[in-house]
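Following: one structure in structure tokens, then a few remarks.
The values are calculated or read from the model by the stated rules, or taken from the named source; none is laboratory data. Fair warning: this is a prediction, and the values are worked out from it, not measured in the lab. We place every Cβ from the backbone using ideal geometry, glycine too, and count neighbours over all the protein chains shown. What goes into the accessible areas is simple: the full protein's heavy atoms, side chains included, and nothing from ligands, DNA or RNA. Shrake-Rupley method; radii C 1.70, N 1.55, O 1.52, S 1.80 Å.
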Amino acid sequence: MIYLTPGPSQLYPTIKQHILESLEDDIPSLSHRSEKFRSFVKDIYVDLRKLLDIPDDYHVFFTASATEAMERIIQNCVAEKSFHFVNGSFAKRFYQTAIELKKQSDIYSVDIGKGFDFKNVKILKNTELIAFTHTETSGGTAVPMEEIYSIGKKNKKALIAVDVVSSIPYVNIDYKKVDLVFFSVQKGFGLPAGLGLLIVNPRAFKKAESLRKKGFNVGSYHKFQTMLEQAQKFQTIETPNVLDIYLLKCVLNDMLKKGIDVIREETEKKAKMIYTFFDEHSEYDLLVTDKKFRANTVIVISTPNGSKKILDDLKQKGFTVGAGYGENKEKQIRIANFPAHSLKSIKELLNSFSN
Ligand SMILES: *Cc1c(COP(=O)(O)O)cnc(C)c1O
């Protein structure tokens, strides 16, 4: 079975072998205080920076999930007001987190599958953080990074936070132009779920320290201050998902060998094939009509005659594809296009749709 679901998804092709080796080496029993564990974290710090071109002074923290990272960002970096671009469920979760933490946050919300009108957006001067979901997994939209940089340039005082869960490592980010970036590993990295990463630049860290020193509640064990103390020792506060950390180290090494440029080119080639196929198909419509906002890593297709039969048929042929998200479950299907998905499997998938 090939999983083209937008998370969890198909494992990266090398993962089964890495898991077998990890069991032979007793990695799941390894202490998170051991030298060996610390060497995995060290390797991740080096290789993640190398693969994604992250500046050396940006901190890398481990979280349990991307959803956790949203909460940590709001707790540590927002005293009163954040601003959220929302066009689907994950961006909404980020906004909701701010509201639940009693912030006076603002929202610019458009329908699922739609882009934003960046020219006419009004962001108040006292906004401390602006939150983007780069690729909205529920609706298959992506915000062009240039638009994110330009909002950052116009709102210099605000920190820029970007959720890249379903677009990393494909998305090419100029990290100098953003302050906080986060993701979990079960989508683009093709790993088992249960691990998140949060990248924090010195400016965002400084904001967290100023809030903490002023007496704001910035959380308990996972406040930025203690996360940095542990990161500097290549450790974590709690017992983390040691196996997933080991597998991330392995997959980063595999991706470096393959080359990020190749991964990005392949992703674009596969995305183009999928979009062209459904653009030309008389039975289906693409949900995202404005090409500027189409995501290359999650493609959402409206299915006028329901999604269930299509998904069942595909399963018979060896493909598990995602249903629509939430209330669109029966009305859409979602196809993930991650580095774990080969060109061959995408071709076979498209051939499996009845013409
Ligand atoms: C899947 C997803 C999340 C949630 O990730 P978890 O690891 O389940 O917390 C957040 N944002 C986006 C864009 C996602 O696709």
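Counting the residues of region 324-353 that are open to solvent by 70 Å² or more (accessible area, probe 1.4 Å) and either in a helix (DSSP H, G or I) or closer than 17 Å to Tyr275 by Cα (or both) gives 5. Whether any residue in region 30-53 is surrounded by 16 or more Cβ atoms within 10 Å (Cβ to Cβ), within 16 Å of the ligand (Cβ to nearest atom) and farther than 27 Å from Ala323 by Cα is what I want to check. The answer is no, given that none of the residues of region 30-53 is surrounded by 16 or more Cβ atoms within 10 Å (Cβ to Cβ), within 16 Å of the ligand (Cβ to nearest atom) and farther than 27 Å from Ala323 by Cα. Would you say Phe205 is more than 16 Å from the ligand (Cβ to nearest atom), outside any helix (DSSP H, G or I) and either on the phi > 0 side of the Ramachandran plot or open to solvent by 10 Å² or more (accessible area, probe 1.4 Å) (or both)? Against the criterion (more than 16 Å from the ligand (Cβ to nearest atom), outside any helix (DSSP H, G or I) and either on the phi > 0 side of the Ramachandran plot or open to solvent by 10 Å² or more (accessible area, probe 1.4 Å) (or both)), Phe205 does not qualify. Filtering region 62-77 to residues that are open to solvent by less than 30 Å² (accessible area, probe 1.4 Å) and within 15 Å of the ligand (Cβ to nearest atom) leaves Phe62, Thr63, Ala66, Glu68, Ala69, Met70, Arg72, Ile73, Ile74. His59 meets each of the listed conditions (1) more than 16 Å from the ligand (Cβ to nearest atom); (2) within 30 Å of Gln104 (Cα to Cα); (3) under 15 Å from the mean Cα position of the chain (by Cα); (4) not aromatic (Phe, Trp, Tyr) apart from (3). Checked against (1) among the acidic types (Asp, Glu); (2) open to solvent by 30 Å² or more (accessible area, probe 1.4 Å); (3) under 30 Å from Lys258 (Cα atoms), Glu136 passes all but condition (2). Of all the numbered requirements in (1) assigned to a helix (DSSP H, G or I); (2) in contact with a strand residue (DSSP E or B) (Cβ under 8 Å, 6 or more places away or on another chain), Ile99 misses one, and that requirement is (2). Within region 222-233, not a single residue is open to solvent by 50 Å² or more (accessible area, probe 1.4 Å), within 16 Å of the ligand (Cβ to nearest atom) and not hydrophobic (A, V, I, L, M, F, W, C).
In the set (1) under 28 Å from Ile237 (Cβ atoms); (2) part of a helix (DSSP H, G or I), Lys92 fails one condition alone, (1). Listed by first and then second residue, the pairs linking a residue in region 140-153 that is without any contact (Cβ under 8 Å) to a residue 60 or more places away in the chain and hydroxyl-bearing (Ser, Thr, Tyr) to a residue that is in a loop (DSSP other than H, G, I, E, B) and open to solvent by 20 Å² or more (accessible area, probe 1.4 Å), with Cβ atoms under 7 Å apart and 6 or more places separating them unless they lie on different chains, are Tyr149/Asp174. When the residues of region 132-158 are filtered to those that are of a type in the set (A, V, I, L, M) and more than 20 Å from Val300 (Cα to Cα), the one that is farthest from the ligand (Cβ to nearest atom) is Ala158. Taken over region 239-255, the residue count meeting the criterion of being closer than 19 Å to Gln10 by Cα and either small (Gly, Ala, Ser) or open to solvent by 30 Å² or more (accessible area, probe 1.4 Å) (or both) is 3. Just one of the numbered conditions (1) open to solvent by 30 Å² or more (accessible area, probe 1.4 Å); (2) farther than 22 Å from Lys50 by Cβ is not true of Asn172; which one? Every listed condition holds for Asn172 apart from (2).
Within the set Thr267, Thr236, Thr297, Thr289, the sole residue that is open to solvent by 30 Å² or more (accessible area, probe 1.4 Å), modelled with pLDDT of 95 or more and of a type in the set (S, T, N, Q) turns out to be Thr289. For region 302-321, the condition holds for no residue, the condition being that it is open to solvent by less than 40 Å² (accessible area, probe 1.4 Å), at pLDDT 95 or above and in contact with a Lys or Arg (Cβ under 6 Å, 6 or more places away or on another chain). Does Gly194 satisfy the criteria of being near the ligand (Cβ under 10 Å from one of its atoms) and surrounded by fewer than 19 Cβ atoms within 10 Å (Cβ to Cβ)? Considered against the rule, which asks whether it is near the ligand (Cβ under 10 Å from one of its atoms) and surrounded by fewer than 19 Cβ atoms within 10 Å (Cβ to Cβ), Gly194 comes out as yes.
Among the residues making up region 10-27, those that are under 15 Å from Leu252 (Cα atoms) and surrounded by 12 or more Cβ atoms within 10 Å (Cβ to Cβ) are Leu11, Tyr12, Pro13, Thr14, Ile15, His18, Ile19. The C-beta contact set for region 22-51 (first residue over 15 Å from Gln230 (Cα atoms), second residue assigned to a loop (DSSP other than H, G, I, E, B), distance under 7 angstrom, 6+ apart or interchain) comprises Lys36/Leu30; Leu48/Ile54; Arg49/Asp56; Leu51/Pro169.
Residue-by-condition table, conditions (1) of a type in the set (Phe, Trp, Tyr); (2) in a loop (DSSP other than H, G, I, E, B); (3) within 21 Å of Gly188 (Cβ to Cβ); (4) more than 16 Å from the ligand (Cβ to nearest atom):
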{"residue": "Ile263", "(1), (2), (3), (4)": "no, no, yes, yes"}
{"residue": "Glu268", "(1), (2), (3), (4)": "no, no, yes, yes"}
{"residue": "Ala271", "(1), (2), (3), (4)": "no, no, yes, yes"}
{"residue": "Ile274", "(1), (2), (3), (4)": "no, no, yes, yes"}
{"residue": "Glu283", "(1), (2), (3), (4)": "no, yes, no, yes"}
{"residue": "Val288", "(1), (2), (3), (4)": "no, yes, yes, no"}
{"residue": "Lys309", "(1), (2), (3), (4)": "no, no, no, yes"}
{"residue": "Asp313", "(1), (2), (3), (4)": "no, no, no, yes"}
{"residue": "Gly322", "(1), (2), (3), (4)": "no, no, yes, no"}
